[in-house]
Amino acid sequence: LGANTAQVEVHPIIDSTNSELMRRIQNKVALESGTVVVAEMQQTGRGRRGRVWQSPFGANLYYSYFWRLDDGLQAAMGVSIAVGLAVYDAIKALYDIDIELKWPNDIYINKQKLAGVLVELDGQPQGPCQLVIGIGINLQMPQNTSEHIDQAWTDLSQHTTALDKNQLVASLTFYLEQRLADYQQDGLNSMYAQWNALNAFAGECVELNTGHRSWRGICEGIDQHGGIRIRQDGEVKSYYGGEISLRKA
Ligand code: ATP
């Protein structure tokens, strides 16, 4: 674990590890930065925009990390980029597997989804804010669950035989602390070029979708604030916002 880990709680079954920490925030329960909640199963695992994160018993890692940021909600915008890099660090260090990143919050191997990140926030535009950083990583997905996933997916067992969930929790927490400390110090300045080198859709035609509107362009990677740069008709524009979805066109 990292030097700043407050405690790691392990639940056999929970609705959602993110919901557990968000509830404590709403109920004003004192929480220390670095509190980790892990579960063996989630009954209502969540993705973005109300989507389901399949969370069968025992098979995968369901992990949430509580973190306080002093600089307000605006500063929290790029956090999922830093978190994606922490997942990269942890998996690379333990298994020497090269993962790819999809803006803003997904982790792939060979264009198949391995893990998802869901960052939830509580706070004001200015002043301190509280973040719950949820990370779901597939270790060994049962076949009957995988049938409910409507996009290409993978799990770590297809790429390594050396799986140890406790080790993964420790490694993930260690690298998360490092990446979040860097982020707090210097935003994404020292990270965005590395993220771009891992971009799963670099130079490819992609479709962005807000739920109300969609548009296409070439994916040029992220800027130093974590926005995605899309080339359309010879012009490159950055787009921000956790509710935009990016898919291969
Ligand atoms: P978009 O591609 O639109 O940005 P997303 O892939 O980021 O969406 P999330 O909200 O992060 O979507 O995750 C939910 C989606 O991920 C589900 O709709 C499903 O397609 C897929 N999914 C659900 N559970 C798993 C899982 N355990 N492993 C891999 N993919 C999953």
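Once backbone amide H atoms are built at 1.01 Å from N, H225 has no partners under 5 Å, excluding neighbours fewer than 5 places away on the same chain. Dipole size of the chain about its Cα centre, with +1 on Lys/Arg Cβ and -1 on Asp/Glu Cβ: approximately 560 debye, rounded to the nearest 20. Restricting segment 1-41 to GluC sites (Glu not before Pro) that sit in a DSSP loop and have at most 16 other Cβ atoms within 10 Å of their own Cβ leaves E32. Among the GluC sites (Glu not before Pro) in segment 164-224, those placed in a DSSP loop whose Cβ has at most 13 other Cβ atoms within 10 Å are E204. Set Lys and Arg Cβ to +1 and Asp and Glu Cβ to -1, take the dipole of segment 24-156 about its Cα centre, and tell me which of V52, N138, L94 lies farthest positive. Among V52, N138, L94, the one farthest towards the positive end of the dipole of segment 24-156 is V52.
Per DSSP helix of 4 or more residues, -39500 (n - 2.57); summed, then divided by the residues of the chain. What does that give at 222 nm, rounded to the nearest 500? Display every interim value, and only then the final one.
Details: 5 runs with 59 residues, N = 249.
For the chain, the value works out to -7500 deg cm²/dmol.
Cα-based radius of gyration for segment 65-196, normalised by 2.2 N^0.38 Å, reads 1.08. Charge dipole (Cα centre; +1 on Lys/Arg Cβ, -1 on Asp/Glu Cβ; no other charges) of segment 2-128 amounts to roughly 440 debye.
Entry note, the chain: relative contact order of 18 percent, from Cα contacts under 8 Å with a spacing of 6+ residues. Largest mean-square fluctuation among A152, A86, A59, in a Gaussian network model of the chain whose springs join Cα atoms under 10 Å apart, belongs to A152.
From the alpha carbon centroid of segment 39-98 to that of segment 132-172 is 12 Å. Taking 0.36 nm per residue of sequence separation and removing the Cα-Cα distance, the R216/A30 pair yields an extension gain of 62.5 nm. Helices of the chain meeting both criteria, an alpha-carbon length of 20 angstrom or more along the long axis and an average Kyte-Doolittle score not below -1.0, with helices taken as full DSSP H segments, are 79-95, 165-186.
Quick check for me: using +1 on Lys/Arg Cβ and -1 on Asp/Glu Cβ, what's the dipole size of segment 183-242 about its Cα centre, in debye to the nearest 20?
On the way: 5 positive and 7 negative charges, 29 e Å.
Dipole of segment 183-242, to the nearest 20 debye: 140 debye.
All other residues whose Cβ lies under 12 angstrom from that of L131 are scored, Lys and Arg at +1 and Asp and Glu at -1, for a net of -3. Cβ crowding within 10 Å ranks T210, T173, T17 as T210, T173, T17, fewest other Cβ atoms first. Along the chain, the longest continuous region that contains none of the chymotrypsin sites (Phe, Trp or Tyr not before Pro) in a DSSP loop with at most 16 other C-beta atoms within 10 Å is 58-239. Fraction of C-alpha pairs exceeding 35 angstrom in the chain: 9 percent, rounded to a whole number. For segment 197-209, 3J(HN,Hα) computed residue by residue from phi via the Karplus equation (6.51, -1.76, 1.60; θ = phi - 60°) reads 5, 9, 4, 5, 10, 4, x, 9, 7, 10, 10, 9, 9 Hz, glycine and proline entered as x. Among H159, H148, sorting on how many other beta-carbon atoms sit within 10 Å of each Cβ, with the fewest leading, yields H148, H159.
In a DSSP loop and with at most 13 other Cβ atoms within 10 Å, the trypsin sites (Lys or Arg not before Pro) in segment 121-221 are R213. Under a Gaussian network description of the chain, with springs only between Cα atoms under 10 Å, the residue in R51, R229, R68 that fluctuates furthest is R51.
Read-outs: derived from the displayed coordinates by stated rules, not from any lab. None of the values given here were measured: they were computed from a predicted structure. Every residue, glycine as well, gets a Cβ built from its backbone with ideal geometry; the counts of neighbours run over all protein chains shown.
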